[in-house]
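Enquirer: Have a look at the structure that comes next, please.
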Amino acid sequence: MPSYLFWLFATIMLIGACAVIAFRNPVSSALAMVTSFVGLAALFIGLSAFFVGVIQILVYSGAIMVLFLFIIMLLDLKDEKRRTESYLPLVAGLSLVGIFFIQLIGVLSNKLPNQSAPILDKATLAAAAGDYPEGSKINEALTNGKLPDVHLIGETLFTQYNLPLQILGILLLVATVGVVVLSKRQTN
Amino acid sequence: MPALNDYLLVSGLLFSIGLAGVVLRRNIIIVFMCLELMLSAANLTLVAFSRFKVTANDLPDYDGQMLVFFVITVAAAEVAVGLAIIVALYRARQTIHTDELVSLKG
C-alpha cells in the first residue's frame, strides 16, 4: 500500500471516529461510524488481510451498524442536550486520553523491529508453496503467485483453532438465547 | 510503504478517540459505539503485527488474524446482547442517558 493511500484512509478513519463523538444526533454518529469502519477496512486490505477487511465491512458496517440504527429508530431518541454541569468528567476524560497519548509516544519513540513488512512478491509466494501439500488449492494459488488469504485463514481456523471455533459457536448460541430472553416482554 | 510505527500510531489515536467518547458522552448508545471503536483499534494493531512479523515462509502470521476474527465475532454477540439490555433499560426507565441512571449511587 503506498504511503499516500495509507494516510488518506487513516485520515478518513480518524475523522469518522471524531465525528462519532462530536455529533449530537445518534443517527449522524452511527453513519460517521460506518465511514470510520470503511476506512479501517481499507487499511486492512492494504495490509493484505483481505478476508478481515471484507468481514469488517460485512459484519461491522453491515450488520452491527444496521442493528444500532434499528435500535435508535426503535427508541426514537432526540438530540442530546448540551450539558451545563461540572467539568469534572471532561477533565477526567481528557487527562485519561493525555496519559494514554504520552504512553503511545513513549512506545513509538523506541525503534521497533520489523520496520518494513516482508515483501509478498511472486518469488516469495512460490517459495512458500512448498509448505503446503501438492495439489491443494493453497499450493496452487501460491505457485501462481497469488496470496490465497481466505484459504489460509480457513486452513488455520479449522485445524489449529478448531476448539476455540466450537466454543465460539456455543457463545453465539448463548448470546442468541440471551437476547431473546432479554427482549421478551415480562408478563406477570 | 508505511512502517509499523505508523500503524501503531493510527491505532493508538483511534483507541484514544474511542476512550474519550466513552468517558465524555452521556448517551449510552454512543458509549457503546465508542467501545466498538476501541475494539477496532485493537484489531488494527493485531493485523499490522500479523503482516509485519517475519515468519519462516514470509507469509503473514495468521495467528493474529485468527484473534481478529474471534474479536469481531465476540463483538457482534456483545452488540446484540448490549442493545437488548439497552432496550430493556429504556422500557424500565424511559431514559438512556447515563446521568439519569443513579439508582446505584451511594
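Laboratory data are not the source of any read-out in this text; all were calculated from the coordinates shown. Bear in mind that the values here come from a model prediction, so they are computed numbers and not experimental data. All Cβ positions, even for glycine, are placed from backbone atoms using ideal geometry, and neighbour counts span all protein chains on display.
Enquirer: Calculated from DSSP H runs of 4 or more alone, at -39500 (n - 2.57) each and per residue, what is the 222 nm mean residue ellipticity of the protein assembly as shown, nearest 500?
Expert: About -23500 deg cm²/dmol.
Enquirer: I'm checking a number: the convex hull volume of the Cα atoms of the range A:1-78, normalised per residue, in Å³. What is it?
Expert: On the way: hull volume 4.4 nm³, N = 78.
Dividing the Cα hull volume of the range A:1-78 by its residue count gives 56 Å³.
Enquirer: Expressed as a rounded percentage, what relative contact order does chain A have, with Cα pairs under 8 Å and six or more residues apart? Write down the numbers at each step before the final one.
Expert: Values: 120 pairs, mean separation 25.6, N = 188.
Relative contact order here is 14 percent.
Enquirer: Residue-wise, which Karplus ³J(HN,Hα) couplings in Hz belong to the range A:27-43, taking 6.51 cos²θ - 1.76 cosθ + 1.60, θ = phi - 60°, and x for glycine or proline?
Expert: Calculated HN-Hα couplings, in order: 5, 4, 4, 4, 5, 4, 5, 4, 4, 4, 6, 5, x, 5, 4, 4, 5 Hz.
Enquirer: Please find, in a Gaussian network model of chain B (springs between Cα atoms separated by less than 10 Å), the residue of B:Asn27, B:Asn43, B:Asn57 whose mean-square fluctuation is greatest.
Expert: B:Asn57
Enquirer: Then there is this: What is the diffusion coefficient of chain B in µm²/s, taking the Kirkwood radius over Cα pairs and the Stokes-Einstein relation at 37 °C with a viscosity of 0.692 mPa s?
Expert: 207 µm²/s
Enquirer: Using 5 Å bins from zero, what percent of all Cα-Cα pairs in the range A:36-188 falls into each bin?
Expert: It works out to 2, 6, 7, 10, 12, 14, 14, 13, 9, 6, 4, 3, 1, 0, in whole percents.
Enquirer: In percent, how large is the relative contact order of the range B:4-100, given Cα pairs closer than 8 Å and 6 or more residues apart? Could the numbers behind the result be given before it?
Expert: Details: 84 pairs, mean separation 26.8, N = 97.
Reported relative contact order: 28 percent.
Enquirer: Right, here's the next one. Convert each backbone phi in the range A:118-128 into a coupling constant with the Karplus relation 6.51 cos²θ - 1.76 cosθ + 1.60 (shift: θ = phi - 60°), then list the ³J(HN,Hα) values in order as whole Hz, x for Gly and Pro.
Expert: x, 7, 9, 9, 4, 5, 4, 5, 5, 5, 6
Enquirer: Quick check: net charge around A:Gly154, other residues with Cβ under 15 Å of its Cβ, Lys/Arg +1 and Asp/Glu -1?
Expert: Neighbourhood net charge equals -3.
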